[in-house]
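Presented below is the structure to which this report refers.
A short reminder: the numbers here are calculations on the coordinates, not readings from a lab. All values derive from a computational prediction rather than experimental measurement. Neighbour counts are summed over all protein chains in view; Cβ atoms, including those assigned to glycine, are modelled from backbone coordinates with ideal geometry.
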Amino acid sequence: MTDDDDRVFKALADPTRRFLLDLLFARDGRTLTDLEAGLAMTRFGVMKHLRVLEEAGLVVTRKSGREKLHFLNPVPIRLIHDRWIDKYTERHVSALADLKAELEEPS
Amino acid sequence: MTTTTTETAVITQVYRVYIKATQQAVWDAIVKPDWAARYGYGGTVEYDLRPGGPYLVRSSDEMKAAGVAGGFPVPEVAVDGEVIEADPPRRLVQSWRMLLDPDVAAEGFTRLTYEIEEVPGSGTKLTVTHEVTNAPKVAAMLIGGEEGGGGGGGWSWILSDLKSLLETGAGLRG
């Protein structure tokens, strides 16, 4: 499923798209109009970003009456986590992350 | 953040995963006890696949052991509900209530829909839609918010595990 992983990494490699995911994380099931309101960007621009997110499987849309609602689908991120992140973050790497968190914690 | 509309709106969580397996294999993994025990939270699933038919998950030995270790009672039935619509191997709609935690159980029944579609060339598309209106504790659990506290990783984790099991023959725990 390398193609799928590529699409997810590419979709995540953009600050606007990450911001859109954060908006949906805060409140799920939003319309384009609603999402657009949080961004200084044209409707067309937001649509393009949403399409990339949808193609990567990170956003799933549902019709509700006349509205199209956008939902965050966290499963592809989980799959990448289970495939790529877990493997490298166990043991000593997580110890380093703990150390970093401890050192950076404001006292 | 606007919170005025969330009081009345239906709160829905949507999860989707593509699995290299047949529609029937995905259906079986959801409704058949031998399969369902091998991924996610485990337990023994019982379905009466007719509208109004009961659904339940009996607590696994692992869940009971966790209860003994943590000093809290683990009920015999971990999850219960009722089948609303069953169209094998395509669509299953049911009610769903988690009974392991009294606070979560008190939020009552939620509505859960499984949609299983064949996608030419890439296997099967499984979409899980869970309506959690007025059930904030259930919602937090399902997004994996309790993972650090031992509550498991919610639907993302369950579906990742299911995909791994059906595609490789082994779940994430090996």
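The stretch A:1-54 and the stretch B:39-68 have their alpha-carbon centroids 36 Å apart. For the stretch A:2-104, the Cβ-based charge dipole about the Cα centre amounts to some 540 debye (Lys, Arg positive; Asp, Glu negative; other atoms uncharged). For the stretch A:51-58, the Karplus equation 6.51 cos²θ - 1.76 cosθ + 1.60, evaluated at θ = phi - 60°, returns couplings of 5, 4, 5, 5, 5, 7, x, 7 Hz by residue, with Gly and Pro reported as x. The HN-Hα couplings worked out from phi for the stretch B:30-35 by the Karplus form 6.51 cos²θ - 1.76 cosθ + 1.60 (θ = phi - 60°) are 7, 9, 9, x, 4, 6 Hz, whole numbers, x standing for Gly and Pro.
Note that the stretch A:68-75 has calculated 3J(HN,Hα) couplings of 9, 9, 9, 10, 6, 10, x, 4 Hz, one per residue in order, obtained from phi through the Karplus relation 6.51 cos²θ - 1.76 cosθ + 1.60 (θ = phi - 60°); glycine and proline are x.
Taking the Cα centre of chain B as origin, work out the dipole magnitude from +1 charges on Lys and Arg Cβ and -1 charges on Asp and Glu Cβ, in debye rounded to 20.
Working: 15 positive and 23 negative charges, 76 e Å.
Dipole size: approximately 360 debye.
Note on the protein assembly as shown: dipole from Cβ charges, positive end direction compared against A:Ile85, A:Thr61, B:Val79; the farthest Cα belongs to A:Thr61. Note: relative contact order over chain A, using C-alpha pairs below 8 Å and six or more positions apart, is 26 percent.
Taking the charge dipole of the stretch B:12-54 about its Cα centre, with +1 at Lys and Arg Cβ atoms and -1 at Asp and Glu Cβ atoms, the residue from B:Trp27, B:Gly42, B:Thr12 reaching farthest to the positive side is B:Thr12.
Just checking the output field for B:15-25: average partner chain Cβ neighbours within 10 Å of each residue's Cβ?
Numbers: counts 7, 9, 6, 6, 1, 1, 0, 0, 0, 0, 0.
That average works out to 3.
Each 10 Å bin from zero holds the following percent of Cα-Cα pairs in the stretch B:15-166: 11, 41, 37, 9, 1. Close amide H pairs (under 5 Å, H built 1.01 Å from N) link A:Val59 with A:Glu54, A:Asn73, residues at least 5 positions away or on another chain. Taking the Cα centre of the protein assembly as shown as origin and assigning +1 to Lys and Arg Cβ atoms and -1 to Asp and Glu Cβ atoms, the resulting dipole is close to 840 debye. Residues whose amide H comes within less than 5 Å of that of B:Ala78, counting only those at least five positions distant or on another chain, are B:Val57, B:Arg58, B:Ser59 (H built at 1.01 Å from N in the peptide plane).
Please determine, in degrees from 0 to 90 and to the nearest 10, the orientation of helix A:92-104 with respect to the longest principal axis defined by the Cα atoms of chain A, where the helix direction is its Cα long axis. With rounding to tens, the tilt is 80 degrees. Evaluated over the stretch B:15-166, the count of Lys pairs having alpha-carbon atoms less than 25 Å apart is 8 (only pairs 8 or more residues apart or interchain). Relative contact order of chain B, taken over Cα pairs closer than 8 Å and 6 or more residues apart, is 25 percent.
If a/c stays under 1.5 just call it rounded; otherwise compare a/b with b/c (prolate if a/b is bigger, oblate if not). Do that for the stretch B:94-174, with a ≥ b ≥ c from the square roots of the Cα gyration tensor eigenvalues. Walk me through the intermediate numbers first.
Details: a/c = 2.88, a/b = 1.52, b/c = 1.90.
Note, shape of the stretch B:94-174 comes out oblate.
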